[in-house]
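One structure is given here, and the rest of the page talks about it.
The values are calculated or read from the model by the stated rules, or taken from the named source; none is laboratory data. Remember, predicted model here, so these are calculated numbers, not experimental data. So basically every Cβ, Gly included, is an ideal-geometry build from the backbone, and we count neighbours across all protein chains shown. Side chains are part of the model used for accessible areas, which takes the heavy atoms of the whole protein and leaves out ligands, DNA and RNA. Shrake-Rupley method; radii C 1.70, N 1.55, O 1.52, S 1.80 Å.
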2 protein chains.
Amino acid sequence: MTLRQVKAAVVLIGDELLSGRTQDVNLRTIAKFLAPLGVQVAEARVVSDAPEAIVAAVNDLRARHDYVFTTGGIGPTHDDKTADAVAAAFGVPIDVRDDARAILEAHYKDRASLNESRLRMARIPDGASLIANPVSKAPGFQLGNVFVMAGVPSIMRGMLEDVGHRIEGGAVVRSVTVRGKGIPEGAIAEGLGKLEADAEGAVSFGSYPWFAPGDFGVHLVARSAEPDRLAKAAQDLKAVILAAGGAPEEVDEGAA
Amino acid sequence: MTLRQVKAAVVLIGDELLSGRTQDVNLRTIAKFLAPLGVQVAEARVVSDAPEAIVAAVNDLRARHDYVFTTGGIGPTHDDKTADAVAAAFGVPIDVRDDARAILEAHYKDRASLNESRLRMARIPDGASLIANPVSKAPGFQLGNVFVMAGVPSIMRGMLEDVGHRIEGGAVVRSVTVRGKGIPEGAIAEGLGKLEADAEGAVSFGSYPWFAPGDFGVHLVARSAEPDRLAKAAQDLKAVILAAGGAPEEVDEGAA
């Protein structure tokens with residue numbers, strides 16, 4: 001088992017995410033999809049539909065991470081600028097490509113005309129491979145280490161089915177969560193900090209308080225690529241909750 | 001009425017957002033809070049709890065935007081690194097400050113000890129002003145054009161109450177949304193693109209398809225700081241839906 005760390009960045013594209021019109025859910029979907037493949041999302045950006053913003057984000061992030069995933073901006077309307085921006089970021093030409101056009105022709109022949117606007121969805125940068133879209137057919141694409149996907153969550157999830165086999169993952173980081181109902185963060189901070197220091201980077205610990213009417217507490221999370229260390233960390237977290245007077249409860253465990 | 005464009009950036013801080021453990025909702029809350037004040041969110045980043053990532057994001061964004069809003073990383077545990085990172089970004093000292101300590105002392109005297117971990121929440125960079133926390137008392141702070149707030153959504157919303165009066169907004173951008181049930185994007189793309197071109201930047205148009213089992217359609221959105229232009233845009237959008245054979249429905253209007 002390799003312990004190589006493989007990192008990804010996510011670029012969420014669209015004015016509607018920045019205006020608050022639309023609540024993004026794709027970041028979480030992508031992170032949970034990548035975790036069992038041994039890829040951790042290291043950063044994410046939300047950018048507008050402005051081509052220069054997309055180009056800058058893609059070029060900065062693809063140089064610093066193993067993979068980049070973009071969502072949004074590949075539809076048929078004027079505000080769909082991602083394909084051209086990614087081509088510009090790589091400095092390659094872009095035009096309607098025959099393989100993508102054939103997919104759209106097959107899809108639209110019995111339904112509606114493949115008009116000029118819809119043909120925009122067949123614009124694919126030179127050198128890219130298509131990402132299948134099992135929902136609405138218009139493909140995404142992969143160019144180098146950048147995966148360009150739709151923004152509509154159901155379509156984006158469909159495209160991920162054609163992404164996993166292209167990923168060379170590294171160490172799978174797993175997590176364990178211990179819940180301490182009625183325990184404030186301030187009561188466990190010292191103990192948790194000691195665990196983090198003692199782990200010397202092999203395990204990372206996080207503390208996530210929750211507040212609800214008449215109810216509060218803390219979720220303590222340990223994350224590690226080493227199963228033995230993680231199992232010990234789970235016991236250590238329970239001891240921290242116990243020491244604070246709580247009744248620790250292990251609530252889930254998985255890749256994350 | 002000024003038409004000055006005032007732009008903000010948002011930095012969402014926390015490993016739990018990148019791992020998919022936690023679904024961010026603060027970006028949307030902040031965007032919807034700022035819009036009626038005449039501030040548009042121009043970009044956002046999600047960064048890990050690593051101090052260097054926080055410093056880099058804050059320094060890049062505060063130089064390019066009128067305001068920066070951060071959420072997360074100001075609690076009592078070891079993974080709460082935002083206050084120190086923002087101090088480092090500005091190159092100013094940080095230590096426990098008397099005014100913040102007094103707030104915590106008043107809050108904890110009847111409840112629990114103000115231990116060393118909780119005192120971390122009184123670490124405030126030199127020159128910052130406090131942002132009141134009506135929920136759990138530990139304050140946020142403003143340093144220059146950067147507003148540092150909690151990550152827990154209910155606390156973050158509470159802190160915004162002490163933020164609005166500090167903002168000098170510009171033009172309020174309002175939006176109108178016209179719904180076209182059963183209308184695919186490809187049927188309105190050409191008409192919508194013509195509206196965008198004709199508006200020459202005074203109005204921006206967006207197209208947001210929805211898909212559900214047995215149901216689909218498109219929301220067309222116009223955004224402008226000029227009420228007359230927006231009213232005309234609403235009529236134009238209805239005409240685009242009508243021309244595609246749909247029954248246009250205006251579904252909301254507001255700052256956005």
Query raised in the report: Roughly to the nearest percent, how much of the accessible area of the range A:111-177 is carbon and sulfur, given a 1.4 Å probe?
Result: 48
Requested in this report: Pick out which of B:Val25, B:Val68, B:Val11 has the largest mean-square fluctuation in a Gaussian network model of chain B, springs linking Cα atoms closer than 10 Å.
Outcome: B:Val25
Report summary line: Binned at 5 Å starting from 0, the alpha-carbon pair-distance distribution of the range A:1-68 in whole percents comes out as 3, 17, 24, 21, 18, 9, 4, 2, 1
Requested in this report: State the Cα centre-to-centre distance between the range B:156-227 and the range A:1-78 in whole Å.
Outcome: 22
Report summary line: Shortest first and in nm, the label-point separations between A:Phe216 and its counterparts in the other identical copies (7 Å out along Cα→Cβ) come to 4.8
**Report entry** Among B:Pro248, B:Gly140, B:Ala231 - extreme Cα towards positive end, dipole of chain B, charges at beta-carbon
**Finding:** B:Gly140
Query raised in the report: In the range B:99-169, which trypsin sites (Lys or Arg not before Pro) are in a loop and have at most 16 other Cβ atoms within 10 Å, using DSSP for the loop call?
Result: B:Lys109, B:Arg111, B:Lys137
Report task. Using only Cα positions of the range B:24-158, each an equal point scatterer, no hydration layer, compute I(q)/I(0) via Debye at q = 0.11, 0.17, 0.20 Å⁻¹ and quote the log10 values to two decimals. Result -> -0.38, -0.90, -1.24
Query raised in the report: Which Cα, out of B:Asn115, B:Met159, B:Val173, lies furthest along the positive dipole direction of the range B:53-174 (beta carbon charges, K/R +1, D/E -1)?
Result: B:Val173
Query raised in the report: If one computes P(r) from the Cα atoms of the range B:121-211, what percent of pairs lie at distances over 22 Å?
Result: 55
Report summary line: In degrees, nearest 10, the alpha-carbon axis of helix B:185-199 is tilted away from the dominant principal axis of the alpha carbons of chain B by 80
Query raised in the report: Once Lys and Arg get +1 and Asp and Glu get -1 on their Cβ, which of A:Gln40, B:Pro213, B:Gly75 lies farthest toward the positive end of the dipole of the protein assembly as shown?
Result: B:Pro213
Query raised in the report: Going from the alpha-carbon gyration tensor of the protein assembly as shown, what semi-axes, largest first and in whole Å, does one get by taking the root of 5 times each eigenvalue?
Result: 41, 28, 19
Report summary line: Computed for chain B: size of charge dipole around the Cα centre, +1 on C-beta of each Lys and Arg, -1 on C-beta of each Asp and Glu, debye to nearest 20, value 320
Query - Within 10 Å of each Cβ in A:74-83, the average number of Cβ atoms from other chains - result: 6
**Report entry** Length added when fully stretched, A:Lys194-A:His165, from 0.36 nm per residue minus Cα-Cα
**Finding:** 6.5 nm
Query raised in the report: Size of the dipole of the range A:1-138 about the Cα centre, Lys and Arg at +1 and Asp and Glu at -1 on the beta carbon, nothing else charged, in debye to 20?
Result: 480
Query raised in the report: If the label for A:Glu249 sits 7 angstrom from Cα along the Cα-to-Cβ line, what are its distances to the same label in every other copy, in nm to one decimal, shortest first?
Result: 4.1
**Report entry** Pseudo-label separations to other copies for B:Ala197 - Cα-to-Cβ vector, 7 Å, nm
**Finding:** 6.6
Query raised in the report: What residue of chain A has the nearest C-beta to the axis that moves A onto B, and what is that distance in Å, given as a whole number?
Result: A:Arg45, 3
**Report entry** log₁₀ of I(q)/I(0) at q = 0.09, 0.12, 0.18 Å⁻¹ - chain A, Debye sum with one point per alpha carbon
**Finding:** -0.51, -0.78, -1.26
Report task. Considering only B:Glu105, B:Glu190, B:Glu161, give the residue with the highest GNM mean-square fluctuation for chain B, with springs between Cα atoms whenever their separation is below 10 Å. Result -> B:Glu190
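If I take R0 = 56 Å and measure r between the Cβ atoms of A:Ala243 and B:Ala202 in this structure, what FRET efficiency does the formula 1/(1 + (r/R0)^6) give, to the nearest 0.05?
Between A:Ala243 and B:Ala202 the formula returns 0.35.
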Requested in this report: Report, to the nearest 10°, how far helix B:227-243 tilts away from the longest principal axis of the Cα atoms in chain B, using its own Cα long axis and a range of 0 to 90°.
Outcome: 50
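Quick check for you: with a 1.4 Å probe and neighbouring chains kept, what is the accessible area per residue of the protein assembly as shown, in Å²? All intermediate terms of the calculation are to be shown ahead of the outcome.
Working: 21070 Å² over 512 residues.
I get 41 Å² per residue for this part.
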Report summary line: With a Förster distance of 25 angstrom and the Cβ-Cβ distance between A:Ala212 and B:Glu116, calculated FRET efficiency to the nearest 0.05 equals 0.35
Query raised in the report: Of all DSSP beta bridges in chain B, what percent run antiparallel (nearest 5)?
Result: 65
Requested in this report: Return one number: the angle in degrees, 0 to 90 and rounded to the nearest 10, between the long axis of the Cα atoms of helix A:51-64 and the longest principal axis of the Cα atoms of chain A.
Outcome: 50
Query raised in the report: Which of B:Lys7/B:Lys194; B:Lys194/B:Lys238; A:Lys81/B:Lys32; A:Lys194/B:Lys81; A:Lys181/A:Lys238 have a Cα-Cα distance over 23 Å?
Result: B:Lys7/B:Lys194; A:Lys81/B:Lys32
Query raised in the report: How large is the helix-only mean residue ellipticity at 222 nm for chain A, computed as the sum of -39500 (n - 2.57) over DSSP H runs with n ≥ 4, divided by its residue count, in deg cm²/dmol to the nearest 500?
Result: -10500 deg cm²/dmol
Query raised in the report: Exactly which GluC sites (Glu not before Pro) in the range A:200-256 are in a DSSP loop and have at most 12 other Cβ atoms within 10 Å?
Result: A:Glu200
Query raised in the report: In Å, what Rg and Dmax follow from the Cα atoms of the range A:168-256?
Result: 12.9, 46
